[in-house]
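Trainee: Sending over a structure as structure tokens; questions will come in a sec.
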Amino acid sequence: MKRFKLLLTILVAMAMLLTGCGGDRSGANGGVQEASIAVYSTPYEPILDWDPSVCFSTDNSVFHNVYETLLYYDLNKDTFEPVLATEYSNSDDGLVWNFKLREGVKFHDGSDFTAEDVKFSIERTRDCKMGPSYMWDAVKEINIINDYEVELVLSYPDSIELVASCAYASFIMSSESVDADFKTSTAWFNEGKECGTGPYMLKSQTPGDKVILTKYDNYWKGWEGKHFTDVVFQYTSETAVRRQIMEGGEADVTYDLPALDVLELQKNDAIKVSVDNGLSDIIIFMNTSRAPLNDVNIRKACAYAFPYEDKLKYVDLGFATLATDVIPSTMWGANQKSPYYYDLDKAKEYLAAAGKPNGGFTLEFAYSAGSESWKKIAEMYKAELAKIGITLELAPASWDTNWTRAKSQNKKDRPDFLITMQWADLMSPAYAYKPMFHSEDTVNWNLSYYYNPKLDKLIDEAIRMTAIDKDKAAELYKQCGQIVAEDCVVLTGGDKKDIMIFNSGFEGYYHNAAYKGIVFFYDCSRAK
Amino acid sequence: MESFFEKMKKSFLPKYKEFRLSLHLMNRNKLSQLSMIILIILVVAAILAPYIAPYPGDIYGEVHMGSALQPPSKDHILGTDEVGRDIFSRLLQGTRISLACSIIIVLICAVFGAILGAAAGTLGRWIDDVLMRITDIFMAFPPLLLTIAFSALLGASLKNAIIAMMLTWWPPYARLMRNSALTIRERPYVKAAEAIGTKKLRITVKHIMPNCIAPLIIQASMDMGAVILSLASLSFLGLGAQSPQPEWGLMISTSRAYFLNCPWYSIFPGLAIVITVLAMNLIGDGLREVLDPKTKKN
Amino acid sequence: MYKYILKRVLLSIIVLFGIILISFCITRVIPTDVAAKWAGPKATAEQVAAARVELGLDLPYHQQFFNYCGDLLHFDLGKSYITHRPVTTEIMNGLMATVELVILADLLGLIAGVFLGMYSAKHKNKFIDYICRFSSITFVSMPSFWLGLALQLIFFGILSLLPLGGRISTAFAVLHQLPDITGMLLLDSLLTGNFMLFADALKHLILPVIVVSIYPTGLVLRQTRSALLEILNEDYMTAAKSYGLKDRVVYWRYALKNCIGPTITAITYAFAYTLTNTCLVEAIFSWPGIGKYIANAVTNYDFPAIMGTTLFTALVYVIFNLVADIIAASDPRVRM
């Protein structure tokens, strides 16, 4: 017995020694308050594919620090700012676009940036037929006028300035380093190679864990003033751990924390939370291909039964705004008021108009399993619909299962409701209207199965006009929004805010919803 | 008919007496006794859950966003969850789900495994080889991994998780049954029955199977708790029960997003699992001590 | 003896083939459109069709199975739907983190289990024995994921003593080049003499190791205790005691030696459970090993990753079992 006690004491003493030897939880090792190193704690893997033509995911937050684009679009001011292109112009019919290029820019591989590289990059991205490559589909040919001037000729009018400044597909790479054969070059990229003109270049990476960038000495803007010399993208999927990292000062930036955690962090002096209007919204598709949602009155009843305000209050905890259109209200061409609001009496009226005053039918609500907020939305909506006699069955499954079901040829397989998060990949309402509400040959993204020739024509016209007369296009998009709202084929669940969480010493971040989640680290620094 | 009952009585009476004796022996073990009481309470709670729950509506879909994530209080003795439902009510219903699922899974697996094992043990030859290789293959996967794969394949739902559990949980029973069948086949009375030309099926059903029951019962009672744990683990990974089903593992999984601020939400469902599984394991242990001659002397 | 080993090896090969067949079937009858998943969330219909050809999903099934086996011979477990990286590479990336966790946990479980088991047997039917037996059952009744949360709550949430998760603090990972000799941070840091790193890695290891080791501890404790009691009843032990040999000698030199067989069996069984438990525990502690990899794959329905890892783990388990059996068979005390 004595020896047992002794053993126990030793064990306890050892445990205390071990736990005591490393300091406490806040600011373990003093955090990364190294002036020259920035740490971005990412909720997703920092890089899934190193090929800039293929990148169509959150890895663009690394790409935008390594590669540059021809233009930068400032959504807040609605202006295009020069980056690699110094100026640009287009013909009145929107078919010919001319870009003058910046001189004296060098790629990380040492070669000069010229018109050849622009032609190579755009063609490579357009022809790879992966990820966001369709954005360049309009480009018919690219003519090199001289070393620092290119001309893009389109097969149909398209606003190339939007594509050239897009958060995806717009990266310019060195034609010197990249093999002309796509298979060879994409494999080369994925060995962990890059050849951009951006302020940082790849120093090292551990796939599935982190990417470390270091400054490129010959960057064309120079390194005068305060800048970070190294940038680390560290992948941490657990929200609780990411919050811990932020609180401990171990990272400078993160995003995608649960609303409850954000509220807590806002009270913390060591943390800065930036909350701005974003460009993503929740769209719930309604299955118009079969009864009962093929009846517009029932769809409207469902739309009036949706708890819009409660959802903002309890699910988003205020980090979202009421949806005003099927596209976010901050996007140009968006209507500024939705005809639908929460009103069960109105919902009952529409049910009566459909000949089912007491409801009495069952609808299925499909959502991605594992999403806490969608589960809450589903449960709240279920409770509301129950009040007007409609039973809502919740069908959580993986997104892929849901999408496969929704795309099924068999109408019976398709769920009645399918909740999705939509984000603007292109700064034009076309990002939403073209895939979601335009007729398509095989079902892919038009998951309300809504086919309206009149709307198709309007959308096509609006896309064409974007290149020629943006105000006119905005007008057309507003009409599109009204038609979709009138036919009530989707429910709008609110516009999400962009929330970025910073260490309070981190300065220089400028919020621009066009580049969601992207921090241009060259413009940032640490306050002393 | 009468003779049939007579026969049944004759063959089961000694077993029943043995069972009574076992119960008596088990009752000497205080822990087993306590566990038995706990288990009985749990079973009663499971049966009556919808009637005795303080907030019966909360068992299913009701939401009360205004009272979300409240700590334990007089109104909600174990607090509320993220949409304002009473955790105590949901735990009660969770007892029902867990107990029912584990009984169904263990029962079906034991019966299915026993039939296969008996077939392998008595028919012998290639049937035995094939069946045993199949059980080898299933048992070669670390526990739960194959179940995870199957339930991911079938899609996330409680029903599918149960099916996946059944698909992967039967091999030990088959193995057990076959081994005891092999031993018993060598016993003189079976040999005698064979010698007088009794049919194989009859021998199996009448002589072999009843005598292999004890190890099966031990295994089944030991498995009950393990099944509840596995099911909770599946739900925790997002593969089993789906919201708003009040399954314990799922509740812990959901609570993870809030556990530092609202510890009660994670702690109580876990305690429910520990208490239930512990009670079952203690009973299983007690049963084993009584039924398994090998451990009796310890 | 050799015949037995040969038989055992042959059996393992049959089992392996069965495992491969099962995992092939699972990857091919998935309810989701694999090609759509591969092509990504915003894929066009055209891109999905291209992905189908790229993945070889347009071939007949027997052809696909043939390709699958061929790939396995090259250690090719397919590519993850999510990262598009080879599953083999990803498993190798996480392997050593898991090995570190599992070895330490099993070791701890073994040592603690044997100690407590002996202690319990020595004081049979005393209070301490009851405590040990009760805790051994409690240990195997606890959901590891819940225990993990509870420990996090105590040691991070309330006491602020230990980190919430991860393998090393971000600050450390960012500022220092980590040594990469064996992939096991604890060992590597000792080899390079980096004691700061050692302390940091150790702090991150404590909670996950405790949680994973709880099951083997319970199991080994129980096995050791009952094996010891059985042996202590044997005549030669009584004889040894009556010769006046010290208790310590009796227990350590004679009794324990005879418990090796059952303890090996227990630890083999416990090893299988630790492999499974790491899935849940690594997910809780965001430990970057293969367990977390499976857990992530499950949430994303990344079937090549799920099946690849399952196959790999089953393979390891089969080999481990084979080795344990052969060791046990070469021990003359174990009857075959």
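The values are calculated or read from the model by the stated rules, or taken from the named source; none is laboratory data. Please read these numbers as outputs of a predicted model, since none were measured by experiment. Heads up, the Cβs are rebuilt from the backbone with ideal geometry, glycines too, and the neighbour counts pull from every protein chain shown. Note: accessible area is taken over every heavy atom of the protein model, side chains too, but ligands, DNA and RNA are not part of it. Shrake-Rupley method; radii C 1.70, N 1.55, O 1.52, S 1.80 Å.
Trainee: Per residue of A:83-93, what is the mean number of Cβ atoms on other protein chains within 10 angstrom of that residue's Cβ?
Mentor: Shielding by partners across A:83-93 averages 0.
Trainee: Taking 7 Å along the Cα-to-C-beta vector as the label spot, tell me the A:S274-A:D441 distance in nanometres, rounded to one decimal.
Mentor: Result: 4.4 nm between the two label points.
Trainee: Sticking with this one: Calculate how steeply helix B:87-123 sits against the longest principal axis of the alpha-carbon atoms of chain B, using the helix alpha-carbon long axis, and give the answer as 0 to 90 degrees to the nearest 10.
Mentor: With both axes taken from Cα atoms, the answer is about 20 degrees.
Trainee: Below 9 angstrom from the Cβ of A:L363, what's the summed charge of the other residues (Lys, Arg +1; Asp, Glu -1)? Before the final figure, lay out the partial values.
Mentor: Working: positive: none; negative: A:E364, A:E393, A:D416.
Summing Lys and Arg as +1 and Asp and Glu as -1 gives -3.
Trainee: Another question, then. Nearest 500 deg cm²/dmol is fine: what mean residue ellipticity at 222 nm does the protein assembly as shown get from its DSSP H runs of n ≥ 4 alone, each adding -39,500 (n - 2.57), divided by its residue count?
Mentor: One gets -17000 deg cm²/dmol as the mean residue ellipticity at 222 nm.
Trainee: Taking the Cα atoms only, what angle lies between the long axis of helix B:30-52 and the longest principal axis of chain B, rounded to 10 degrees?
Mentor: For B:30-52 against chain B, the angle is about 60 degrees.
Trainee: Follow-up. At a 1.4 Å probe radius, carbon and sulfur cover how many percent of the accessible area of region B:87-297?
Mentor: 68 percent
Trainee: Using a Cα-Cα cut-off of under 28 Å, which lysines could be cross-linked to C:K3, ignoring same-chain neighbours fewer than 8 residues away?
Mentor: Partners within reach: C:K257.
Trainee: Is there a pair in A:K77/A:K472; C:K124/C:K203; A:K129/A:K478 whose C-alpha atoms are over 29 Å apart, and which pairs would that be?
Mentor: In this structure, C:K124/C:K203; A:K129/A:K478 exceed 29 Å between Cα atoms.
Trainee: Can you give the angle from 0 to 90° between the axis of helix B:213-236 and the longest principal axis of chain B, with both taken from C-alpha atoms, to the nearest 10?
Mentor: 30 degrees
Trainee: Same structure again: Please give me, ordered by residue number, the GluC sites (Glu not before Pro) of region A:80-119 that lie in loop per DSSP and have at most 12 other Cβ atoms within 10 Å. Could the numbers behind the result be given before it?
Mentor: On the way: sites: A:E87, A:E103, A:E116; in loops: A:E103.
Listed in order of number, the matching sites are A:E103.
Trainee: Let me ask something else about it. Find which of A:M173, A:Y73, A:Y314 sits farthest along the positive direction of the dipole of the protein assembly as shown, computed with +1 on the beta-carbon of Lys and Arg, -1 on that of Asp and Glu, about the Cα centre.
Mentor: Result: A:Y314.
Trainee: With a/c under 1.5 counting as rounded, go ahead and sort chain A into rounded, prolate or oblate using the C-alpha gyration tensor (a ≥ b ≥ c being the square roots of the eigenvalues; past the cut-off, prolate if a/b is larger than b/c, else oblate).
Mentor: It is oblate, given that a/c is not under 1.5 and a/b is not larger than b/c.
Trainee: About the Cα centre, and with charges only on the beta carbon of Lys, Arg (+1) and Asp, Glu (-1), how big is the dipole of chain C? Nearest 20 debye, please.
Mentor: 1220 debye
Trainee: About the Cα centre of region B:87-297, how large is the charge dipole given +1 on each Lys and Arg Cβ and -1 on each Asp and Glu Cβ? Please answer in debye to the nearest 20. Could you put the intermediate results ahead of the total?
Mentor: Values: 19 positive and 10 negative charges, 122 e Å.
Using only the charged Cβ atoms, the result is roughly 580 debye.
Trainee: Which residue, chosen from A:Y381, C:P143, A:Y450, occupies the Cα position most advanced towards the positive end of the dipole of the protein assembly as shown, where the dipole is computed from +1 (Lys, Arg) and -1 (Asp, Glu) charges on Cβ about the Cα centre?
Mentor: Result: C:P143, furthest along the dipole toward the positive end.
Trainee: In addition: Within 10 Å, count the other beta carbons around each residue, average over each peptide in A:207-214, A:74-81, and list them highest first.
Mentor: A:207-214, A:74-81
Trainee: What average number of partner chain Cβ atoms lie no more than 10 Å from the Cβ of the residues making up B:133-140?
Mentor: For peptide B:133-140, the averaged partner shielding equals 6.
Trainee: Right, here's the next one. At what distance in angstrom do the alpha carbon centres of region C:113-175 and region A:467-528 lie from each other?
Mentor: 48 Å
Trainee: Listed here are the pairs A:K119/A:K497; A:K337/A:K470; A:K457/A:K497; A:K272/A:K516; which of them are more than 25 Å apart at the Cα?
Mentor: Details: A:K119/A:K497 37 Å; A:K337/A:K470 21 Å; A:K457/A:K497 32 Å; A:K272/A:K516 17 Å.
In this structure, A:K119/A:K497; A:K457/A:K497 lie more than 25 Å apart at Cα.
Trainee: Another question about this same structure. If you take the charge dipole of chain A about its Cα centre, with +1 on Lys and Arg Cβ and -1 on Asp and Glu Cβ, which of A:L293, A:L202, A:Y134 is farthest toward its positive end?
Mentor: The residue sitting most towards the positive pole is A:L293.
Trainee: Can you give the average number of partner chain beta-carbon atoms within 10 Å of each beta-carbon in peptide A:390-397, as a whole number?
Mentor: Per residue, the average neighbour count from other chains is 3.
Trainee: Could I ask something else about it? So which lysines pass the test for A:K412, namely a Cα distance under 27 Å, with those fewer than 8 places away in the same chain ruled out?
Mentor: In chain and number order, the partners are A:K300, A:K348, A:K356, A:K375, A:K376, A:K382, A:K387, A:K434, B:K159, C:K37, C:K42.
Trainee: Taking the Cα centre of region C:98-209 as origin, sum charge times position over the Cβ atoms of Lys and Arg (+1) and Asp and Glu (-1), and report the length of that vector in debye to the nearest 20.
Mentor: Magnitude of the dipole: close to 540 debye.
Trainee: What is the gain in length, in nm to one decimal, between A:Y342 and A:K226 on full extension, counting 0.36 nm per residue of separation less the C-alpha to C-alpha distance?
Mentor: 36.7 nm
Trainee: Could you give the DSSP H helices of chain C that reach 30 angstrom or more along their long axis (alpha carbon positions) and whose average Kyte-Doolittle hydropathy is no lower than -0.5?
Mentor: Result, helices passing both filters: C:2-28, C:87-122, C:195-232, C:260-284, C:303-330.
Trainee: So which aspartates and glutamates can A:K346 reach, going by Cα to Cα under 12 Å and dropping same-chain residues fewer than 8 places off?
Mentor: Reachable aspartates and glutamates: none.
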